[in-house]
1. Using a simple spin-label model with points 7 Å from Cα along the Cα→Cβ vector, what separation in nm is obtained for A:ASP275 and B:LEU305?
2. What is chain A's relative contact order, in percent, from Cα pairs under 8 angstrom and six or more apart in sequence?
3. Under a point spin-label approximation (7 Å from Cα along Cα-to-Cβ), what is the A:ASN75-A:ASP132 distance to one decimal in nm?
4. Taking amide H atoms as placed 1.01 Å from N in the peptide plane, list the residues 5 or more away in sequence, or in a different chain, whose amide H sits under 5 Å from that of B:ASN215.
5. Got a sec? Charge dipole of region A:243-491, +1 on Cβ for Lys and Arg, -1 for Asp and Glu; which of A:THR253, A:ILE269, A:ALA331 is way out at the positive end?
6. Run the quick spin-label model on A:LEU365 and A:ARG62: label points 7 Å from Cα toward the beta carbon, then report their separation in nm to one decimal.
7. Reachable aspartates and glutamates from A:LYS43, Cα under 13 Å, same-chain residues fewer than 8 places away excluded?
8. Taking amide H positions as placed 1.01 Å from N in the peptide plane, with prolines and chain starts having none, which residues 5 or more places from A:GLU280, or on another chain, fall under 5 Å of its amide H?
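Nothing in this text is a laboratory measurement; each read-out follows from the coordinates by a stated rule. Remember, predicted model here, so these are calculated numbers, not experimental data. All Cβ positions, glycine included, derive from the backbone under ideal geometry; neighbour counts span all protein chains shown.
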Amino acid sequence: MDYLLEVEGLTKSFSGVSALKDGRFQLKAGSVHALCGGNGAGKSTFLKILMGIHKRDAGSIRRNGTEVDFSGPANALASGIAIIEQELSPVPHMTVAENIYLGREPSGRFGGIDFKTMNLNAQKLLDQLEFDIRANQYMMNLSVAQMQLVEIAKALSHDAEVIFMDEPTSAIGEKEAQQLFKTIVRLKAAGKGVVYVSHRLSEIFQIADAYTVFRDGSYVGSGNLDAIDRPSLIRMIVGRDLGEEYIKTNVPTEDIGFEVSGLTASGKIEDISFDAKRGEIFGIYGLMGSGRTEIFNCLFGLDKLDAGTVRLHGQHITVTKPSEAMKHGIAFVTEDRKVTGLNLDDSVRGNIAMASLPEMSPNFLMRRREEQAASTRMIAHFGIKAARDTMPVSSLSGGNQQKVVLGKWFLRDPKVLLLDEPTRGVDVGAKREIYRIICDFAAAGGTVIMISSEIDEVLGMSDRILVMRDGRSTGVYRREEANAETLVHLST
Amino acid sequence: MSLSDNKTTNGWFTSDSRRVIIQEYGIFFAFLLLSLILSVSNEYFLTSGNISNILLQTSINGVLAIGMTFVILTRGIDLSVGSVVALAGIVSGSLATTSATAGVFGAPYPAYLALVVGVLVGFACGTIVGIIVSRFAVPAFVATLGMLSAARGMTLIYGGGKPVPGLTPDFRWIGTGNILGVPMPVVILAVVFIVSWWVLNRTRFGRYIYAVGGNPHAAKTSGINVTRIRFIVYTISGSLSGLAGMMLSARTGSALPQAGVAYELDAIAAVVIGGTSLSGGVGRVTGTLIGALIIGVMNNGLDLLGIQSYYQQVLKGALIVGAVMLDQKRNHGQ
């Protein structure tokens, strides 16, 4: 029997860095196939090659037994492969129907668009799917969940035989998700193949028949879901031993460094309480959108909090803006260094000095010599590889840029370090150095609170771990009692 | 191993520092080249009289363009400068005129009082724009477009649409006087330039401006009060526009309600030619000064060569676009 889609030995590397080493995949007609893997496992590269967005380096893709090579998404679509992307791409000022039929509007008389037929067809499609959306509504008036449903309707309107769904439930609620699953069951019954990509294992076990796991760009295994249990699947996804990668040198003391109780920001986080000891690395784990970054934004005065108290070394503090948090000795290494961490137009030196300008130059005039000395000190301390500190920070590698951000905050000699994904997009070598810096800081009596979506990192570095789900804490766990299975389980 | 090892050297400079030199001073070389061509093609160009003339013509646009630099560095724009020029000119003129009909009660007042009021008028316009942009998050383009219209309207209301003639000699001194033979407008431009250079390059506030323009999010998380910085730059631009308005009326001897029309375009042109990025965070006030000089030299040179002013506008347009095209190529061609 021919598979709807069969992929073998797919490889792809980007400027020498391998993103996919051995992509393998088989999709049967009338089945739902879950594609699993952590961040950076190669799933999105895999999807992009299948849709013809990236060119593969090697490997074969067969559609119904014949070798194919798509030049782009339109080409893939023509061969009956549609994708529902994670990132929505609606045209806000057009109606739902116009969005669904974008680029293939039915033409009416005199070469115009036959709006009547278009609206009619779109409405029929939406009704069929039991989506409660009117075809003539403007896209911008819909909720994110509804937009996601329109995106799904759009993909289905192509009458594709293979449908990829990349995290389709990440932005929609439980009710919509169940509607979507009903639709998936219907598609399955109609003999189509659905490829379902999701981090939410409970969903996978609910609707998928088969699974394929990728890890570090390679195929790890595949099979039928009724032949595997949840812990085993998680073990396959997480994989390798955590072993040597994380070397902890800090020992938590009994002193409470930072204490948060009842932190609430309506619609974002609710009733978050925890305390971090001096000398401790306190981890926060949660999926994207679980409210983890919002905790830091509240603590640092970037977001308004509705309730909750914060204590620093036993002293009650209030923070309404970043400069106040900084005065108390709180430092915040943000999630995305390019968006919120660095001024890419400025030099290494300028960036290191950016958060300490009032301290370094108490009067109006800049003290340039002090600035230079400070930047030299930080570059040496963190081993930042830059020819000169006057060169633009944008010319540094990701790891060195991250060290500049750390340098910016360490210059302030903080008491509490809030780290949001401190090693995202950083190579292994620099990662290890950053871990060393964090450990040294904690070992010297500092308090570290670290958000990470990398399970290995959280388990490897933290003394205790708070798990977030849907804006709430699902508990704080000691290092010894946490493992990958429990974290994934608690966060989904 | 030092990273500079793999830079090729060529004569005096490493390729890296040569790139910096071209980037920093390229506009200056362009200015010299333009001057050289003009001095060869017209013997009158390099006379002291003509140079003084060019500087005089550049001074008002120079002052406006320097104020504009502060705003553009924070990712903003100020379209209202031309109208503020007229409003400050009329209001200060009404205090410093001997004309019985155009002056306010008790005029003429001492020149310094009129001058202070003129700057305050500009400051007030800048304050309004600054609040609208920084507190109410209205795009700078829209807020200052509103002020462009409103300030012109206020000028016409205040003066009844009529000019204010007969400004006192004391007041006129800032436009026609000189210090050690240097015309006052040129002196004012020099002072404004030096102070601005110092503020942008040597003070904390200057660093904040670059940080806010370079990455407002990063500036905010670094504890910088982004709202306040955004507000202040508009008051600077407004105050300098007020000053420029009085330089203009003092030179001509009367304040005109239609003064300063389209001055914002020349000011923006000078900033852009000077290499400041409209997306903020990158640029130098030195570049702006040279940009203003290039516009001045070009206008003057084309006059000397007897080229009709209509053609001058076309050439100026080409120059602005060309300068930015070169900039783009330089920044992305590496």
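1. 8.0
2. 15
3. Label-label distance for A:ASN75 and A:ASP132, simple model: 4.3 nm.
4. Those qualifying (amide H under 5 Å, at least 5 residues apart or on another chain) number zero.
5. A:ALA331
6. Simple spin-label model gives 7.9 nm for this pair.
7. By straight Cα distance, A:LYS43 reaches A:ASP22, A:GLU85, A:ASP166, A:GLU167, A:ASP216.
8. Excluding prolines and chain starts, which carry no amide H, the hits are A:THR253, A:VAL448.
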